[in-house]
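The values are calculated or read from the model by the stated rules, or taken from the named source; none is laboratory data. Keep in mind the model is a prediction, meaning the values are calculated, not measured. Positions of Cβ are generated from backbone atoms using ideal geometry, with glycine treated the same way; all protein chains shown enter the neighbour counts. Note: areas computed on protein heavy atoms with side chains; ligands, DNA, RNA excluded. Shrake-Rupley method; radii C 1.70, N 1.55, O 1.52, S 1.80 Å.
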Amino acid sequence: PAEKAMVCFGNMFIELPKAKTQEILRQDQEELDEEINNLRKELRVKVNRLYEAQGKPELKGFNLNPMSAEEMKLINRILEG
């Protein structure tokens, strides 16, 4: 039926309502985004610690944050004229 979706969890397929499936996927994506951001922050600290231990100067520009999708849309709009 159009109001249901087949979803694979591990090694089994489950038929769920589309609304529930979308909610599960949205929550998973939010958790993954949060985990990715935490790993990026930890990586910056670890790289700086490594450079410090090697006696090298801190990397310049390494603490920059990526632009959000909304910021990219605005930049593209400006560049398009």
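Using a simple spin-label model with pseudo-atoms 7 Å out from Cα toward Cβ, Asp33 and Asn65 lie 1.3 nm apart. Taking 15 Å as the cut-off, the amide N atoms of region 25-41 that come nearer than this to a point 7 Å along the Cα-to-beta-carbon line of Leu16 belong to 25-32. Can you count the Lys pairs in the chain whose Cα atoms are under 27 Å apart, with each pair 8 or more apart or on different chains? Lysine pairs satisfying the spacing and distance rule in the chain number 8.
Computed from Cα positions, the angle between helix 18-53 and the longest principal axis of the chain comes to roughly 10 degrees. With all protein chains kept in place, the per residue accessible area of the chain amounts to 92 square angstrom at a probe of 1.4 angstrom. Using Cα atoms only, what is the angle between the long axis of helix 69-80 and the major principal axis of the chain, expressed in degrees (0 to 90) to the nearest 10? Once rounded, one gets 70 degrees.
What number do you get for the chain when its Cα radius of gyration is normalised by 2.2 N^0.38 Å, N = residues? Spell out each step's value before the answer.
Details: Rg = 20.6 Å, N = 81, 2.2 N^0.38 = 11.7 Å.
Taking the Cα Rg and dividing by 2.2 N^0.38 Å, one obtains 1.77.
In region 21-60, one over the average inverse separation of all distinct C-alpha pairs is 12.0 Å, which is the Kirkwood hydrodynamic radius.
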